[in-house]
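Note sheet for the following structure.
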Amino acid sequence: MNSAQSADLDSVIGIAQAVRAGERSAVDVLEQHLARISERDGDIAAFNTVTDDAARQQAGAIDASVQAGETVGPLAGVPIALKDNMCTRGVTTTCSSRILEHWVPPYDATVVERLAAAGAVIVGKTNLDEFAMGSSTENSAFGPTRNPLDTSRVPGGSSGGSAAAVAAGFAAASLGSDTGGSIRQPAALCGLVGMKPTYGAVSRYGLVAFASSLDQIGPFTRTVAESAAIYDVIAGPDPRDSTSIPQPHAAVTTALGEGIDGLRVGVITELSGRGNDAFEPEVTEATVAAAEALSGIGAKVEDVSIPTAVAGLSAYYMIAPAEASSNLARYDGVRYGLREPGPNTASMMAASRTAGFGDEVKRRIMLGTYALSAGYYDAFYGKAQRIRTLMIQEFDRVYEDFDVLLSPTSPCVAFEFGAKADPVTMYYNDVCTIPSNLTGHPAISVPFGTGAHGLPVGVQVLAPMLGEPVMYRVAAALEGMAP
Amino acid sequence: MTDTVNAPDTALHTATARQLGHEPGLLPDGWEMVIGLEVHAELATESKMFSPAPNRFGGEPNTNVHPVCLGLPGTLPVVNRKAVELSIRVGLALNCTVGRCIWARKNYFYPDMAKDYQISQYDQPLNVDGHLELPSGAVIGIERAHMEEDAGKTVHVGADGRINSAGYSLVDYNRAGVPLLEIVSRPDISGPEQAKEYVEELRSILVAIGASDGKMEEGSLRVDANVSVRPVGSNELRTRCEVKNVNSLRSIGRAITYEAQRHVQLYESGEAPIQETRHWDEEAGRTRPGRSKEEAEDYRYFADPDLVPIDPSPEWIAEIAASLPALPKERRDALIERGGSPEEAAIAVGRALDALALAAIDAGADADRVLTHVRNNLAVDGAETLDASDFAELVKMETGGALTATQAKQVLAEMVETGNDPASIAAARGFEAMDTGELESLVDQLIAEHPDEWARFNSGDDGDRKRMQGFFTGQIMKATKGQADGKIVNQLL
Amino acid sequence: MSSHDETPGAGATRAHLTTDDVAKVAKLALLELSEDELNTFTGQLDAVLDLAEQLNEFDIGDVPPTAHPFGLVNVFRDDVAAVGHDAEVMREEALAAGPEVEAHQFKVPPALGEAP
Ligand SMILES: [Mg+2]
Ligand SMILES: [Zn+2]
């Protein structure tokens, strides 16, 4: 892919330009995508719900405004899919869990309001690993999503449905949520651009929580320019999210063209995959090639060691389950969701939770409950939160000498269903992506060549707090030089 | 969150115990009570602690709710600034150190806790290390006063409407998320009377500074008592029981006394109480062990990742401190300085008539008469509307002899009703003190008419003298339709 | 948080997780496990705790735990109650989601014991 293609008819920018200019009707654009969905989503299973009727109304309203000469938003008529853990008023929001299978939220997530205000058309809710816990979308209670590039393989996860929807052309873009790599890893495995913003840059209000201190919403697109366009719409302060950054959002679309001459790029030794047989060689080589390409156009590239980066996985698997064990306590069969009968409230709650949650969710709830329980807190959760502080301090020190950092996104290309049945093996998929969730820093995965079986490989660009503008500049440069 | 352990503060505790001794008669000789109170006060805000749902008492079930306080998936808490400000007001009024604090989740499953965790404060609360001086002079340590959210209400509907009977439960989230301040005292309270005094004083402070409506009957103030006993004069802190559900001043006294006596009985029969939560049964007049799960609770507290720390600036705290009104203690002291008794001062402040009394006294009225009127004659609606200078004028007329006590009382009542000034009311009623000349001749005349009574008056027998003095005074009052000044009559006799 | 006990299980010589440990945790989390599940989960959770052992390789000294990566403090909302049509509709929709509702309240089987 290269940024020239961002003007393609099917691109976010191409569609919005044509619809705003009245050259194309939003309804036609929508029908084209709905046709692809009915044609192929039977195989791919990207969607839990296709909101075709509501989408037709939204699209019709956009066309009406255009004809009436009213100003329409920057995403006018752009078909967008939402991960099914973002609340949509009147539309079931299941988190791909039995426990929320029929739950209909009474309110819209902030990102949903912002997309609608920008003129986007919501085509449906996409499949995910139950409550976003997984790296393959195999943990969905409703069955796995298939990778459109090779349907015998996973699309990655947990936002596998959102990745597949864009890769299959069901939507021009989609939103996912990223707690430990759940946007960047499936983007890499599906040959897309996936971005995890600075923690607090995008409101979490209406995102069903997995791990509150790590969750961030971000876009899947085919190109970097489209990613920036979506990000500029969804970012910005939200009074309904106490952790949202109060400073106004600085647009990134305008920064894209600025080039990277003289930028200082560090390749993280501990995450480079070099001398680590858990990484596929093509993945390691892609990162090296990306670094060389950048130095070729004027960047200063060096290796840099970040020792705590390897502690990320351990810290993450204490912090995320601990927060999840508390966030998922509310699914008790009292106010909403699945209820199984029981002689008293406690037994009803236990029966409902036991029937409503899948194994991976149960594993993480129990792990987190253990990590928080008296006698273990200091050794596990408490220690992990301190390691996290160390990581932030270490990365901040490194960013005094570097503008951005580079690493692979995933140690491997898209793998076959069932290939990583053992939980810890599966967890290792996130080794490169987790540090950015722990530090709260932004990171983006950009397709850079292919690996085993001709499947796409992603390279990750990491940047400091609110470093999205420079991060996008580097991502755009890589996109332009991708093999 | 009510399970904070009272860190024993022996120094402060023994000081208090020595200073007061214990309340005698309730326990067998040689025993004294050691009591700490946890008071949950609902804060007087428009909306809830973390959600825009209205904070109002009662209403149809589940009408004061919003996705946030129902704990719907995806919702997030945002702190109510007013609730924090009111909490700081209380902290300052209780002489606490106010500082940086964080929110913690207390995890437990119960149907009326919408998220199945309570957002509270644990190891870094807003207010710490304060104290409260009671009208009696006792000083009670305040360990902490931390913010948290209230739970909803679970109503148990069964054959006999009792918990655990067959049937079912109904959950109403109107109260879920209402802002609470949990005020935890040190174990410095020496008995049921002092416990009531503490709660009354705390309540009057909360109301005076506008932090809470203090309505115990509406659950705006809920008290848990940590009760233990020990041999008089020892400093030890023995096993305590937390007695819940003591929600009226009366039951506070009864519950504490019952529980302390239960402990003494156990010790004296060679047993010992176990640390547990017990519930006060008002009808049965006894405490019962709570039905909480047999295994020890594990609340898995951790910092709430949906919320950020509160770090009140010195400027903000100073601003709040400057806005605090005079506290009940200062207001009582002002009256006592001017010669009022502590009891009368407490009554005047309790009826919010202290400002009126103060103004009247400072306008030259006799403090004792002013406070006597406040106590005896102003327990009426509209008393607060009295004009202080009129009130002062009335008392001056009375002490100057222009009005008798009886007349003053009547005039005062009419002043409250009509707002007219005392002079015109007295004139309208024809109240004029008779001059002593007239009175003298009247007295001589009566003595002439009643020689026997006069003899007994002079018999030297005190009883007779008193009775006859009453007789003559009565006759004079009858003849003068009560306009004569009793004091002068006595002098003349 | 400093108020939590020092762990007995901390350090490189962590005692391995037993099925009793997992049974206790499952009870706290209101999850029911079959014998088989109990055994499988115990092995899997113990493997993750081995992963967590890595944390002991780092000297954390006295660094504070991370509260918010951006260091935000004092985020408040004004004390304004949401009322009117939207609030009521939202409320009705929320109540409509109740698995069992009676007299505008959420109906549950008898709740044992009192809340803490
Ligand atoms: Mg109230
Ligand atoms: Zn409490």
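A full extension of the chain between C:GLU100 and C:SER34 corresponds to an added length of 20.9 nm, given 0.36 nm per residue minus the alpha carbon distance. The sum of -39500 (n - 2.57) across all DSSP H runs of n ≥ 4, divided by the residue count of chain A, sets its helix-only mean residue ellipticity at 222 nm to -11500 deg cm²/dmol.
Among A:277-289, C:75-87, how do they line up from the highest to the lowest mean number of other beta-carbon atoms within 10 Å?
The packing order, highest mean first, is A:277-289, C:75-87.
For the stretch A:288-385, the relative contact order is 32 percent, taking Cα pairs closer than 8 Å that sit 6 or more residues apart in sequence and dividing their mean separation by the residue count. If you take the Cα centroid of the stretch B:222-257 and the Cα centroid of the stretch A:179-258, the two points sit 54 Å apart. Starting from the Cα gyration tensor of the stretch B:86-163, take the square roots of the eigenvalues, sort them a ≥ b ≥ c, and report rounded, prolate or oblate (rounded when a/c is under 1.5, otherwise prolate if a/b is larger than b/c, else oblate). Oblate, since a/c reaches 1.5 and b/c is not below a/b.
Buried between A and B is an accessible area of approximately 2600 Å², summed over both sides with a 1.4 Å probe.
Please say if the protein assembly as shown is rounded, prolate or oblate, where rounded means a/c under 1.5 for a ≥ b ≥ c the square roots of the C-alpha gyration tensor eigenvalues, and otherwise the choice is prolate for a/b larger than b/c and oblate otherwise? Prolate. Taking 19 Å as the straight-line reach from the Cα of C:LYS27, the lysines in range (excluding those fewer than 8 positions away in the same chain) are A:LYS362, B:LYS106, B:LYS115, B:LYS293.
Among complete DSSP H helices in chain C, those whose alpha-carbon atoms stretch at least 15 Å along the helix's long axis and whose mean Kyte-Doolittle hydropathy reaches -0.5 are C:35-53. Short-range pairs are left out: with C-alpha atoms under 8 Å and at least six residues apart, the relative contact order of the stretch B:194-275 is 26 percent.
When you restrict to C-alpha pairs under 8 Å that are six or more residues apart and normalise by the size of the stretch A:179-337, the relative contact order lands at 21 percent. A 1.4 Å probe over all protein chains sorts B:ILE142, B:ILE447 by accessible area into B:ILE447, B:ILE142, starting with the largest.
Residues B:TRP454, B:TRP103, B:TRP31 ordered from highest to lowest accessible area at a 1.4 Å probe: B:TRP454, B:TRP31, B:TRP103. Solvent exposure of B:ASP421, expressed as accessible area, is near 60 Å², computed with a probe of 1.4 Å over the protein chains only. Here the calculated FRET efficiency for B:ASP333 and B:GLU193, from their Cβ-Cβ distance with R0 = 35 Å, stands at 0.95, rounded to the nearest 0.05. Summed for both chains, how many Å² of accessible area, to the nearest 100, are buried between C and A with a 1.4 Å probe? Looking at C and A, the buried total is near 5800 Å². Per atom type, chain B shows carbon and sulfur on 51% of its accessible surface, probed at 1.4 Å. Counting only alpha carbon atoms, the long axis of helix B:192-208 and the longest principal axis of chain B meet at about 90°. Of all the accessible heavy-atom surface of the stretch C:40-116, with the other protein chains kept in place and a 1.4 Å probe, what percent is carbon and sulfur? Percent of accessible area from carbon and sulfur atoms in the stretch C:40-116: 53. Potential lengthening of the chain between B:GLU283 and B:ARG238 amounts to 13.4 nm, from the contour at 0.36 nm per residue minus the alpha-carbon distance.
Buried between C and B is an accessible area of approximately 4400 Å², summed over both sides with a 1.4 Å probe. The apolar share of the surface of chain A, taken as the fraction of accessible area on carbon and sulfur atoms (1.4 Å probe, ligands and nucleic acids excluded), comes to 51 percent. Given a 1.4 Å probe and the protein chains as shown, B:THR257 ends up with an accessible area of around 20 Å².
Among the residues of the stretch C:15-50, those with an accessible-area drop of 30 Å² or more from chain alone to full protein complex, heavy atoms and 1.4 Å probe, are C:VAL25, C:LYS27, C:LEU28, C:ALA29, C:LEU30, C:LEU31, C:GLU32, C:PHE41, C:GLN44, C:LEU45, C:VAL48, C:LEU49. If you sort A:TYR370, A:TYR428 by accessible surface, 1.4 Å probe, largest first, the order is A:TYR428, A:TYR370. Accessible area per residue for the protein assembly as shown, computed on protein heavy atoms with a 1.4 Å probe, is 36 Å². Take the Cβ atoms of C:ALA23 and A:GLU340, set R0 to 25 Å, and the FRET efficiency comes out at 0.80.
The values are calculated or read from the model by the stated rules, or taken from the named source; none is laboratory data. What you see is a predicted model, and the numbers here were worked out from it, not measured in a lab. As a convention, Cβ positions derive from the backbone with ideal geometry for all residues, glycine included, and neighbour counts pool all protein chains shown. To get the accessible areas, we keep the full protein, side chains included, count just its heavy atoms, and leave off ligands, DNA and RNA. Shrake-Rupley method; radii C 1.70, N 1.55, O 1.52, S 1.80 Å.
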